[in-house]
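The values are calculated or read from the model by the stated rules, or taken from the named source; none is laboratory data. A quick note: this is a predicted structure, and the numbers were derived from the prediction, not measured. Here the Cβ positions follow ideal geometry from the backbone for every residue, glycine too, while neighbour counts run over all protein chains shown. The protein model used for the area step is the full one, side chains on, heavy atoms only, and it has no ligands, DNA or RNA in it. Shrake-Rupley method; radii C 1.70, N 1.55, O 1.52, S 1.80 Å.
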Amino acid sequence: MPRAHIALIEDDPVFQSVVRQYLEKKGYDVCCADNGIEGIEICRTQCPDIVLCDLKLPDIDGLEVIEQLLKVCTHIPIIVISASEKMSDIREAVRLGAWDYLVKPIQSLDIIENAVEHCLRRYQLEETYLHDVWELDAHIDILYQDDLIVGRLVEELHPDGVLSLNDYRFDCSFNDIGQAPVWVDYRPLTDGKVLVIMAAAQNATEQNLLPLLVLKTLIDPLIRQHLSGHDDTLLSPGVLLSHLNHELCHSQVRTAFDTLVGVVDTQKHSWVWAQAGDKFKPEPGAKPDLALGIWQHANFREHKIEYLHKLHCAFQGTELIVSAVPQTA
């Protein structure tokens, strides 16, 4: 049985053949279309699990293809693979509903497989979340009585130990075993920068581990694109929150999130951040904006301080501490 059914809409015969052969060797079932109209018809009749689509097609624009595909299959994951690096194309593709955006030339075909797996996991998590809420409440109660399962899910939301970078130390502690689930992470970026994330689902219960995991999958493609030099959305926390808010408002996850995202520049000793919802009160802090997932037109402000010595943020037994002795301070 194939891992997933993929529709590949690509007019370059060489690239189409290479990608198809690679994915088929990886266990996927792949059908191909040379133009947008044929691709839309394939999706209409075959309902693939995921679509890979170029933006420059011989008959109709790839952005129009995305728009029409989402009318045919409302929630189908779409990954754009395009030679266009224009931010306007990327923003428009995401606005229309694309889940990821890969820029040609693709350095390694593994990047495509990773993007496919990220999207499939996110889709499965969203479907699981809806199934849990609407149909399997009793079964989920039993599921969450299994400490091993809950433990594995919680581990996905915690950072891998302490991070030390350029005199800065990033650490997190979880003091209250019975606390509501919280996602905390700090991820190294380029040029000595570190992405800091804290998030909690409103009206949180143990079952809200799943929507937090869905939120986490929205960040993964952006980190990969940043590290490959194609997208710096992560460096603008206000833009990042707007992106996450747009994705959540158009997803099947009907949960609002309190979220703090920011970037510590360990070379310039600065802290830039944005905050949605008021559960997290960082010190130093600022007035928060509306929680994520409530209103798709919400705006998120950025705040900045220079010469960061210590950042502290606590929420229901979870403490995030970033401390440093900047050499230039």
Set LEU148, LEU234, LEU153, LEU209: member being open to solvent by less than 20 Å² (accessible area, probe 1.4 Å), among the hydrophobic types (A, V, I, L, M, F, W, C), modelled with pLDDT under 80 and not in a loop (DSSP other than H, G, I, E, B): LEU209
Scope region 107-119; condition open to solvent by less than 20 Å² (accessible area, probe 1.4 Å) and farther than 13 Å from ILE219 by Cα; matching residues: ILE112, VAL116
Failed criterion for ALA274 (all others in (1) touching a residue at least 60 places away in the same chain (Cβ under 8 Å); (2) closer than 28 Å to PRO77 by Cβ; (3) assigned to a strand (DSSP E or B); (4) not polar (S, T, N, Q) hold): (1)
Pairs with Cβ under 7 Å, 6+ apart, first in region 21-48 and within 20 Å of CYS119 (Cα to Cα) and hydroxyl-bearing (Ser, Thr, Tyr), second surrounded by 13 or more Cβ atoms within 10 Å (Cβ to Cβ) and modelled with pLDDT of 95 or more: TYR28/ILE6
Inter-residue pairs, beta-carbon under 6 Å, first under 16 Å from ASP29 (Cα atoms) and open to solvent by less than 10 Å² (accessible area, probe 1.4 Å) and in region 1-19, second of a type in the set (Ser, Thr, Tyr) and not in a loop (DSSP other than H, G, I, E, B), 6+ apart: none
Pairs, first over 24 Å from LYS216 (Cβ atoms) in region 78-103, second open to solvent by 20 Å² or more (accessible area, probe 1.4 Å) and in a strand (DSSP E or B), C-beta under 9 Å, six or more apart: none
Flag for ASP61 being open to solvent by less than 80 Å² (accessible area, probe 1.4 Å) and more than 25 Å from HIS118 (Cβ to Cβ): yes
Subset tally (residues that are in a loop (DSSP other than H, G, I, E, B) and of a type outside the set (D, E, K, R)) for region 1-59: 11
